[in-house]
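The next block holds one structure in the form of structure tokens; read it before the comments.
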Amino acid sequence: MNYKLEINIQDPSSKLLFNTITFESFKINIIERYTGRMNLNPKLIEVFVKVRTLNDQLIKKIDGNSRIRVIGDDLIIYEQLTKDLQSFQINKEAKNQSLFEQDYVYFILKLVLNNYELNSALSKAT
């Protein structure tokens, strides 16, 4: 599966981080919201996931909404995956980084597949 993961590091004063996973026919936007000081142990409080076509049209979920709010156990798993991914980005261990990157992408993809009917949504959008 071919994808491109863009981890966007924002201004230190910003409490929002935006990540994007781009596939051949759609992209996934991940919005992370933090509390506390970003340079001193920030706390992840919310994560939203949105799916868009490559020309930036929002795709609706099965229930008609346009975003997934990551909560509960999924938020805990997500937080651990991002910590693992960030620690390997800092250490530049490319071999292990790809494994953590894959785990992150597969977790997000699982959320998307559980909440979206991508085949029909993508065919309507094109």
Subject >> Cβ pairs under 9 Å, 6+ apart, first in segment 105-122 and over 24 Å from residue 81 (Cα atoms), second modelled with pLDDT of 75 or more and part of a helix (DSSP H, G or I) >> reply: 118/112
Subject >> Condition met for residue 39 (of a type outside the set (A, V, I, L, M), modelled with pLDDT under 90 and under 12 Å from the mean Cα position of the chain (by Cα)) >> reply: no
Original post:
Out of segment 21-58, which residues are among the polar types (S, T, N, Q), surrounded by 14 or more Cβ atoms within 10 Å (Cβ to Cβ) and within 20 Å of residue 10 (Cα to Cα)?
Top reply: 22, 29
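Residue-by-condition table, conditions (1) closer than 18 Å to residue 20 by Cα; (2) modelled with pLDDT of 80 or more; (3) open to solvent by 50 Å² or more (accessible area, probe 1.4 Å):
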position: 60; (1), (2), (3): yes, yes, yes
position: 65; (1), (2), (3): no, yes, yes
position: 78; (1), (2), (3): yes, yes, no
position: 81; (1), (2), (3): yes, yes, no
position: 102; (1), (2), (3): yes, yes, yes
Original post:
Among (1) over 11 Å from the mean Cα position of the chain (by Cα); (2) open to solvent by less than 90 Å² (accessible area, probe 1.4 Å); (3) more than 13 Å from residue 112 (Cβ to Cβ), where does residue 71 come up short?
Top reply: (2)
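The values are calculated or read from the model by the stated rules, or taken from the named source; none is laboratory data. Predicted model only: the values in this text are computed from it and were never measured. All Cβ positions, glycine included, derive from the backbone under ideal geometry; neighbour counts span all protein chains shown. The accessibility values were calculated without ligands, DNA or RNA, using every heavy atom of the protein model including side chains. Shrake-Rupley method; radii C 1.70, N 1.55, O 1.52, S 1.80 Å.
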